[in-house]
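Only the coordinates and a few stated rules stand behind these numbers; no lab work does. Note that this is a predicted model, so its numbers are computed, not measured. For neighbour counting, all protein chains shown are included, and Cβ atoms are generated from backbone atoms with ideal geometry for every residue, glycine included.
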Amino acid sequence: MTEEVNKINYLQLGPNGSYVASPNEAMNFLGVARAKLYELIKNGEVESYREGGARKITWPSIRALIQRRLAEETARRHRAR
C-alpha cells in the first residue's frame, strides 16, 4: 500500500491534499451546480465512486475535464477566425 501511495503524482492531489473530492468540493472547484456535477458523472466526464454512503470524485478527472474544456474552447476560437 505504501508503494502505491508513493507512486501517486502529487500534482494529482487536490487543494486539500487528497486524491478525491467530495461533491461539494468538486462543485465549488468547477463552479457548477449539483445537477451539472452529477450530469458530468453520469456522462463519464469525471470519475467517481461510492465509499459507503459518500460519493468521491477523483481530482485527476476534475483537472482532466478542465483541460478538455480549455482545449475545446481553444479549438472553437481558432475555427471562428
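Points to keep in mind about this one:
- Remark: relative contact order (the chain) = 27 percent; criterion is Cα-Cα distance under 8 angstrom and separation of 6 or more residues.
- With the highest mean first, a sort of the peptides 42-48, 18-24, 66-72, 29-35 on other beta-carbon atoms found within 10 angstrom per residue produces 18-24, 42-48, 29-35, 66-72.
- Nearest-20 debye value, the chain charge dipole, Cβ charges on Lys, Arg, Asp, Glu: 500 debye
- Dipole axis of the chain (+1 Lys, Arg; -1 Asp, Glu on Cβ), positive-most option in 22, 57, 74: 74
- Whole-number D in µm²/s for the chain (Stokes-Einstein; Kirkwood sum over Cα pairs; 25 °C, 0.890 mPa s): 177 µm²/s
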